[in-house]
Structures are given as structure tokens and as C-alpha cells.
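Nothing in this text is a laboratory measurement; each read-out follows from the coordinates by a stated rule. Since the structure is predicted, the reported quantities are computational estimates derived from the model, not experimental observations. Virtual Cβ from ideal backbone geometry, glycine too; neighbours counted across all protein chains shown.
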Amino acid sequence: RRARQEALRAEPATTRDGTRIEVAANINLPDQAAFALAQGAEGVGLMRTEFLFLESGVTPDEDSQFATYRAMIEAVQGKPLIVRALDIGGDKQVPHLRLPVEANPFLGVRGARLLLRRPDLMEPQLRALYRAAKEGGALSIMFPMVTSVQEVIALRAACDRIRAAIGAPEIPIGIMVEVPAAAVQADALARHVDFFSIGTNDLTQYVLAMDRQNPDLAAEADSLHPAVLRMIAMTVQAADRAGKWTGVCGGLAGDPFGAALLAGLGVRELSMTPRDIPAVKSALRGATLSQLQALSAQALDCATADEVRALEATLAPAEQ
Ligand code: PEP
Ligand code: MG
């Protein structure tokens, strides 16, 4: 039985009617890759690079970032790897950078906004990434906290310039959809990117105007709030129309019921904490895609997050 479970972990997650959902891991460092693969990760959907800055207490230079990205590419053994460009600010403060103190850091210069203001941070990272890509692997770059088309155009221009200077191959460039503006304008953004990855942690925070870290709001700051689900649906539909794929790398992807709903909404890649992978794969295998589509259509019509959660009882129990 144990052997069967182990074998099942390694299998892809396919719905009963044969739609494959890619299940990937959120990891920060190459030494976490072996555990993720053992849990059944089919790739890395989110490598949070701010960790390299937070851990060390210093800003890693281009060469040391290059070594880390190469090590990660090796560690994932040719599987897809999405590296997120630095997402600093908000809940991810890096004291040694001595950035200006902000009254509202979650609404401040964070993620892509900081990258575009600080070429001294963005350019060494992009150079390190393109140097790593030049040596092979299935690498993609993703930008956090994107709010506008202008930002994407500027970020892509930086990528193109650095890629050309290095003579590196073109690699997919995606953005996180984690701000309501990006979800609402997903059609316009989709024309400029290769993929979307929805960050349900920040998207929930910004759609509901509830601090993701405030313990008094933890119960209400619920990614199953129908307003959040409608934003996700809007994003996936716009991406589909543009022929681009949508993943989810926020916490909702790692919840078996959340994952089932997301698959029903049209999400085709889910990235999560490695330990959540086996249960999510098992939930996805328990239903047909048409059941999940019906489930998610009902969820979009629910009035409250509690009503959405109650739909879980209507899903057939998954086999493990
Ligand atoms: C998110 O916001 O959902 C996300 C995946 O990014 P982070 O949690 O790192 O902000
Ligand atoms: Mg985020």
C-alpha cells in the first residue's frame, strides 16, 4: 500500500476524464528541490528569490545569483522552473537595503515597482537569470506585483536588452496576477506576457482590503470569497482568449478543495508548498473536469465564502 502511494505521488494529476493539471512546488533554495520532487512536484512554479536576500543579510551579486539559479536548474532535473524576480516590500522587508520607510508598505514601492526604480537590483538578477538560461534548462522569469501594461512593457524591454547583450535564448516571461487591476485588465496584459500566475495571498488581501498578516482578519481574509474567485475567473478567461496559460501559486492552490475549484475555473498549473502536493493530486484525480467546472460555476454564484466552502461536501470523496 505504501509502495502504491509512493508510485501515485510520482504520477501526474489527471482528472477522471483525462485533463492533466500540472502540480508544481513553491521552493526558495536548491536544497529544497529533492524533497519537492519526492512529493511529486512536476516542476517549480514559484522560486521566491527575495529569500536569497533575506537569508544572507547581504545583497547577492550577479555571480552568486547565477550559481544559485544554475544549482536550482540542476536540482529540478530538467523540469520547468519559474523564478520570480525580487519581490521586496510589503511583508518582505529587507533591512540591509535601507529602503525608505513607508506609511503603507503594502500599497507602496514593492515588487515590480521597486525593480523598475532600482536597476542596481533588477539588472544583476536578470543578467544572472539569462546567463543561467544560456546553459540550458526549462527556465521562465516571472515578475511580482504588476499593476499596469506600462510596467510589463518596461520589464520586457529590460529582459530583451539584457538577453541580447548576453546572447541568451528567449525564455517565457510571465507576471503574477495579485492586484485587482491586473485581474480586471488581464486581457490587455495577456497580450504582453507568456503566462500568468495568480498570487491568491496578495490578491485576496487587495480585493478584500484586508491585511494578509492581521490575525484579527485571518478568518475573513478568505481566498474562497466569491469576489476573489470572480477575479480569478476573469483572469483565466482573458488568458485563454489570448492563448496564454494561467497558473496559481498562492495558498489556495495548496488546499485540495481550492485546487479542485481552480481546475474547474480553467487553471492548468498549481504551485504549492511541497508537503501539500500529494493531497492536491489526489483531489484532482477524484473528479471529472466537467464536475469541477460545474462546481466552480456554482461557486461563482455563491453569496459568501461559507457558501462556497459548503460545496466541498458535494464533491465525491477522492481516492488516495
Ligand atoms: C501570493 O501573493 O499569493 C504569492 C504567491 O506571493 P507571496 O506569498 O510571495 O506574496
Ligand atoms: Mg504575492
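Largest mean-square fluctuation among GLU42, GLU307, GLU22, in a Gaussian network model of the chain whose springs join Cα atoms under 10 Å apart, belongs to GLU307. What the Cα atoms of segment 55-101 give is an Rg and a Dmax of 13.4, 41 Å. Residues whose amide H lies under 5 Å from that of SER197, counting only those 5 or more places away or on a different chain, are ILE175, MET176, VAL177, GLY247; hydrogens are built 1.01 Å from N in the peptide plane. Return the loop-located trypsin sites (Lys or Arg not before Pro) in segment 75-173 (DSSP other than H, G, I, E, B) with at most 13 other Cβ atoms within 10 Å of their own Cβ; answer none if there are none. Loop-located and lightly packed - ARG98. Can you give me the C-alpha center-to-center distance between segment 262-311 and segment 245-260, rounded to a whole angstrom? Taking the Cα centre of each part, segment 262-311 and segment 245-260 sit 8 Å apart.
Against the empirical 2.2 N^0.38 Å (N residues), the chain has a Cα radius of gyration ratio of 0.97. Across segment 205-320 the C-alpha pair distances fall into 5 Å bins from zero in the proportions 2, 12, 21, 24, 22, 13, 5, 1, 0 percent. The magnitude of the dipole of the chain, with charges of +1 and -1 set on the Cβ of Lys/Arg and Asp/Glu and taken from the Cα centre, is near 660 debye. Derived scalar couplings between HN and Hα for segment 156-172 equal 5, 4, 4, 4, 4, 4, 5, 4, 5, 4, 8, x, 8, x, 5, 10, x Hz in order, rounded to whole Hz, by the Karplus curve 6.51 cos²θ - 1.76 cosθ + 1.60 (θ = phi - 60°), x for Gly and Pro. Mean residue ellipticity at 222 nm, helices only, the chain: -14000 deg cm²/dmol; runs of at least 4 DSSP H residues each add -39,500 (n - 2.57), and the sum is divided by the number of residues. Across q = 0.13, 0.18, 0.21, 0.28 Å⁻¹, segment 1-63 modelled as identical point scatterers on its alpha-carbon atoms has Debye log10 I(q)/I(0) values of -0.50, -0.75, -0.88, -1.16, in the order of the q list. Remark: the Cα gyration tensor places segment 95-195 in the oblate category, a/c being 1.5 or greater and a/b not exceeding b/c. For segment 217-262, treating each Cα as an identical point scatterer without solvent, what Debye log10 I(q)/I(0) comes out at q = 0.21, 0.22, 0.26 1/Å? Listed by q, the Debye log ratios stand at -0.75, -0.81, -1.03.
Under a model in which nothing but the beta-carbon of Lys, Arg (+1) and Asp, Glu (-1) is charged, segment 57-156 shows a dipole of about 180 debye around its Cα centre. Between ALA310 and ALA188, the C-beta separation translates, for a Förster distance of 45 Å, into a calculated FRET efficiency of about 0.80. Can you give the FRET efficiency for GLN213 and ARG20, using 1/(1 + (r/R0)^6), R0 = 22 Å, r = Cβ-Cβ distance, to the nearest 0.05? After rounding, the FRET efficiency stands at 0.05. Charge dipole (Cα centre; +1 on Lys/Arg Cβ, -1 on Asp/Glu Cβ; no other charges) of segment 103-240 amounts to roughly 560 debye.
Global dimensions of segment 1-149 from alpha-carbon coordinates: Rg and Dmax equal 17.4, 56 Å. Here the extension length gained between ALA294 and LEU97 equals 66.1 nm, from 0.36 nm per residue of separation less the Cα-Cα distance.
Take every Cα pair under 8 Å whose residues are at least 6 apart in sequence, average their separation, divide by the length of the chain, and the relative contact order is 19 percent. Restricting the calculation to Cα atoms, segment 89-146 yields a radius of gyration followed by a Dmax of 13.6, 43 Å.
Positive-end ranking of ALA219, LEU295, MET122 along the dipole of the chain, with charges on Cβ about the Cα centre, is headed by MET122.
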